[in-house]
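The values are calculated or read from the model by the stated rules, or taken from the named source; none is laboratory data. Just so you know, these numbers come straight off a predicted model, no measurement behind them. Every residue, glycine among them, receives a Cβ derived from its backbone with ideal geometry; neighbour counts consider all protein chains shown.
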Amino acid sequence: MASNITSGALEHMSSFLIEQRSWLETKWENYYNWMDNDILATGFLLLTVHELAYFGRSFPFMILDMIPAMRKYKIQDNRPPTYKQYLECLRSVMLAHVFVEAVPIFGFHFVCDFFNISYRAPFPSLWTMFYQLAIFFLLEDTWHYWGHRLLHTRYLYKNVHKQHHKYAAPFGLTAEYAHPVEVAFTGVGTVGSPLLVASIVGEVHLLTVMIWITLRLFQAIDSHSGYEFPFSLHHFFPLWAGSDHHDDHHHYFVGNFSSSFRHWDYFLGTETPATTRRRDFKLNPFEKRHEIVEDPDDLADKKSAEKATAPAADSTTYAQTTGSN
């Protein structure tokens with residue numbers, strides 16, 4: 001009896017999903033037919049998804065930053081973002097969206113043709129989309145980990161990545177606050193993951209790519225939000241990084257290089273000492289980070305400046321003690 005009920009429920013759910021997918025497929029086809037230009041149709045679709053996902057996910061955190069009662073969930077509660085910081089960050093992000101990201105977005109249709117990514121109906125099965133999304137997350141996390149470590153080498157950090165570290169206490173909008181070179185570099189991992197899968201299995205759909213971009217943006221914004229909640233995903237899925245993991249990276253300027261997961265940092269020993277301590281000693285994940293840590297690059301510049309002025313200072317002291325003119 002129970003088996004019959006379960007079987008009937010699954011059949012009903014399956015038919016419902018098929019009906020909804022058919023409705024979406026019809027709307028999708030109508031959109032492309034209405035645009036009558038597949039290049040522009042794909043470009044506007046991706047741009048709309050990107051902007052809605054980015055600002056739709058980051059603005060709620062901005063509202064939380066305005067509510068004093070939510071400060072208890074803020075990891076670095078002693079450094080809430082200011083209106084000036086929000087405006088400066090928003091301006092930079094908008095410029096990047098227009099002049100750095102819009103061009104490849106509107107050129108993505110040609111990429112779809114080259115890699116045989118389907119952009120017309122029918123849609124792939126839910127299982128196909130699920131396993132491909134899982135692979136995308138793993139591939140991008142690998143790219144991000146090694147690329148992020150490269151960005152922390154002396155030259156690339158000073159000239160490229162340092163901009164992203166301007167906010168040692170990040171907030172949601174800072175997810176794409178970065179140098180244009182870094183925006184492009186990070187984008188390669190996001191877009192390159194589905195392209196790699198498409199080149200191997202040859203059955204990736206644009207809808208799957210859109211869902212992937214949305215989820216990747218949500219992940220990036222959440223990890224930069226600066227908020228640690230009791231319902232944060234890493235409490236239920238320990239492999240997930242989340243804001244608790246990435247906030248330490250911004251706070252200490254090094255370590256915790258991964259984007260979505262923790263395995264690369266764990267196995268290669270690149271976790272921050274604070275992250276390791278909280279895990280090994282099972283400490284409160286909601287502990288606050290109140291100490292102020294200075295950017296190592298700034299410290300290095302100060303030391304260099306001190307060394308450069310030291311000989312002149314010694315010379316002046318010697319002249320004063322010998323009565324020289």
Just one of 270, 276 is at negative phi and part of a helix (DSSP H, G or I); which is it?
-> 276
Output the residues belonging to the stretch 128-148 that are more than 15 Å from residue 215 (Cα to Cα) and under 15 Å from the mean Cα position of the chain (by Cα).
-> 142, 143, 144, 145, 146, 147, 148
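If I go through the stretch 73-98 residue by residue, how many of them are touching a residue at least 12 places away in the same chain (Cβ under 8 Å) and of a type outside the set (Gly, Ala, Ser)? Lay out the reasoning, then the answer.
Within the stretch 73-98, the first condition is being touching a residue at least 12 places away in the same chain (Cβ under 8 Å), and the residues that meet it are 73-81, 85-86, 89-90, 92-93, 96-97.
Within this subset, residues satisfying the condition of being of a type outside the set (Gly, Ala, Ser) are 73-81, 85-86, 89-90, 93, 97.
The qualifying residues number 15.
Looking at this structure, is residue 91 surrounded by fewer than 17 Cβ atoms within 10 Å (Cβ to Cβ), touching a Pro at 6+ places or on another chain (Cβ under 8 Å) and of a type outside the set (Ser, Thr, Tyr)? If you could, list the steps in order and put the result at the bottom.
Working: surrounded by fewer than 17 Cβ atoms within 10 Å (Cβ to Cβ): yes; touching a Pro at 6+ places or on another chain (Cβ under 8 Å): no; of a type outside the set (Ser, Thr, Tyr): yes.
No, not satisfied.
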For the stretch 184-222, the count of residues that are more than 21 Å from residue 100 (Cα to Cα) and among the β-branched types (Val, Ile, Thr) equals 6
Got a number for residues in the stretch 172-209 being surrounded by fewer than 22 Cβ atoms within 10 Å (Cβ to Cβ), assigned to a loop (DSSP other than H, G, I, E, B) and more than 15 Å from the chain's Cα centre (by Cα)?
-> 2
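Of the residues 231, 257, which single one is under 20 Å from residue 156 (Cβ atoms) and either of a type in the set (A, V, I, L, M, F, W, C) or modelled with pLDDT of 95 or more (or both)?
Working: 231 fails: under 20 Å from residue 156 (Cβ atoms).
Answer to the check: 257.
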For the stretch 151-170, pairs from a residue that is farther than 22 Å from residue 292 by Cα to a residue that is of a type in the set (Phe, Trp, Tyr), with Cβ under 9 Å and 6 or more apart or across chains, are 151/157; 151/185; 151/257; 160/185
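Here is a list: 270, 276. Which entry is farther than 19 Å from residue 170 by Cα, hydroxyl-bearing (Ser, Thr, Tyr) and either touching an Asp or Glu at 6+ places or on another chain (Cβ under 7 Å) or without any contact (Cβ under 8 Å) to a residue 24 or more places away in the chain (or both)? It would help to see each step written out before you state the result.
Details: 270 fails: either touching an Asp or Glu at 6+ places or on another chain (Cβ under 7 Å) or without any contact (Cβ under 8 Å) to a residue 24 or more places away in the chain (or both).
Exactly one residue qualifies, and that residue is 276.
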Can you tell me which residues in the stretch 23-40 are surrounded by 13 or more Cβ atoms within 10 Å (Cβ to Cβ) and farther than 23 Å from residue 102 by Cα?
-> 24, 25, 29
Check whether at least one residue in the stretch 223-244 is under 22 Å from residue 99 (Cβ atoms), among the small types (Gly, Ala, Ser) and in a helix (DSSP H, G or I), and report yes or no.
-> no
Is it the case that residue 263 is more than 22 Å from residue 126 (Cα to Cα) and either surrounded by 22 or more Cβ atoms within 10 Å (Cβ to Cβ) or modelled with pLDDT under 95 (or both)?
-> no
Take the stretch 41-75 and flag every residue that is exposed (fewer than 13 other Cβ atoms within 10 Å of the Cβ), among the aliphatic types (A, V, I, L, M) and assigned to a helix (DSSP H, G or I).
-> 52, 63, 69
